[in-house]
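*Asks:* Structure in structure tokens, see below.
The values are calculated or read from the model by the stated rules, or taken from the named source; none is laboratory data. Here the structure is a predicted model, which means the values were calculated and not measured. Cβ placement follows ideal geometry from the backbone for every residue including glycine, while neighbour counts extend to all protein chains displayed.
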Amino acid sequence: MNEIFHRFAARVGEAAGSRWAFTIAVTIVLVWASTRPLSGFSATWQLTINTIASIVPSLMVFLIQNT
């Protein structure tokens with residue numbers, strides 16, 4: 001099980017550091033920001049991006065520590 005996690009962490013680390021990951025992240029933020037007025041600037045819309053922005057880096061810390 002430990003070897004599986006090491007391989008997984010290495011692959012995710014490589015993928016997360018790629019230009020494609022950056023492009024996808026920027027695209028998500030731009031889509032979110034451009035559709036926000038359509039939602040009426042609701043608090044739920046803001047909470048969604050804040051939650052994602054908190055969870056993803058927290059998980060990435062463990063993967064980066066492993067690699």
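*Asks:* Pull up the stretch 25-42, narrow it to residues that are over 17 Å from the mean Cα position of the chain (by Cα) and surrounded by 10 or more Cβ atoms within 10 Å (Cβ to Cβ), then point me to the one that is modelled with the highest pLDDT.
*Replies:* If we take residues in the stretch 25-42 being over 17 Å from the mean Cα position of the chain (by Cα) and surrounded by 10 or more Cβ atoms within 10 Å (Cβ to Cβ), then 35 is modelled with the highest pLDDT.
*Asks:* Sort out for me the helices (runs of 4 or more DSSP H) sitting completely within the stretch 2-67 that have 2 or more residues that are touching a Lys or Arg at 6+ places or on another chain (Cβ under 9 Å).
*Replies:* Output list reads 43-66.
*Asks:* Can you confirm whether residue 16 is touching a helix residue (DSSP H, G or I) at 6+ places or on another chain (Cβ under 7 Å) and hydrophobic (A, V, I, L, M, F, W, C)?
*Replies:* yes
*Asks:* Out of all the residues in the stretch 11-25, is one or more touching a residue at least 12 places away in the same chain (Cβ under 8 Å) and touching an Asp or Glu at 6+ places or on another chain (Cβ under 9 Å)?
*Replies:* no
*Asks:* Is it fair to say residue 48 is surrounded by 13 or more Cβ atoms within 10 Å (Cβ to Cβ) and touching a helix residue (DSSP H, G or I) at 6+ places or on another chain (Cβ under 6 Å)?
*Replies:* No; evaluated as a whole, the condition is false for this residue.
*Asks:* Moving on to the next point. Determine which single condition residue 21 fails, assuming it passes every other condition in (1) small (Gly, Ala, Ser); (2) surrounded by 10 or more Cβ atoms within 10 Å (Cβ to Cβ); (3) at pLDDT below 90.
*Replies:* Result: residue 21 fails condition (3) only.
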